[in-house]
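To keep things clear, I will list the structure first and then write my remarks on it.
Coordinate-derived values only; no laboratory data. Here the structure is a predicted model, which means the values were calculated and not measured. Cβ placement follows ideal geometry from the backbone for every residue including glycine, while neighbour counts extend to all protein chains displayed.
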């Protein structure tokens, strides 16, 4: 978008049939293959997570947090004050 107007994005067709373009407004590369759209951040060198991936990552992080808290509780219970 420039001056409040949408501009056509230059697109290239990949060998796998997917279509790729770059949005300077978003600072992201967009890639569409069949019914999936992926957003790639070239600065971070990673794709944005989709809803399913984000949920899986959050659940994994929460499980790791629980594991580490339990490990910390266990270590704290093993500590005894010096006489």
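Observations, loosely collected:
- Once region 1-24 is narrowed to residues that are part of a loop (DSSP other than H, G, I, E, B) and surrounded by 10 or more Cβ atoms within 10 Å (Cβ to Cβ), the residue that is farthest from the chain's Cα centre (by Cα) is 7.
- Within region 25-41, if we keep just the residues that are in a loop (DSSP other than H, G, I, E, B) and on the phi < 0 side of the Ramachandran plot, the residue that is surrounded by the fewest Cβ atoms within 10 Å (Cβ to Cβ) turns out to be 35.
- Close contacts from region 54-83, counting a first residue that is at negative phi and a second that is surrounded by 10 or more Cβ atoms within 10 Å (Cβ to Cβ), with Cβ to Cβ under 7 Å and a gap of 6+ residues or different chains, come to 57/49.
- Hits in region 42-83 - residues which are in a loop (DSSP other than H, G, I, E, B) and farther than 30 Å from residue 25 by Cα: 79, 80, 81, 82, 83
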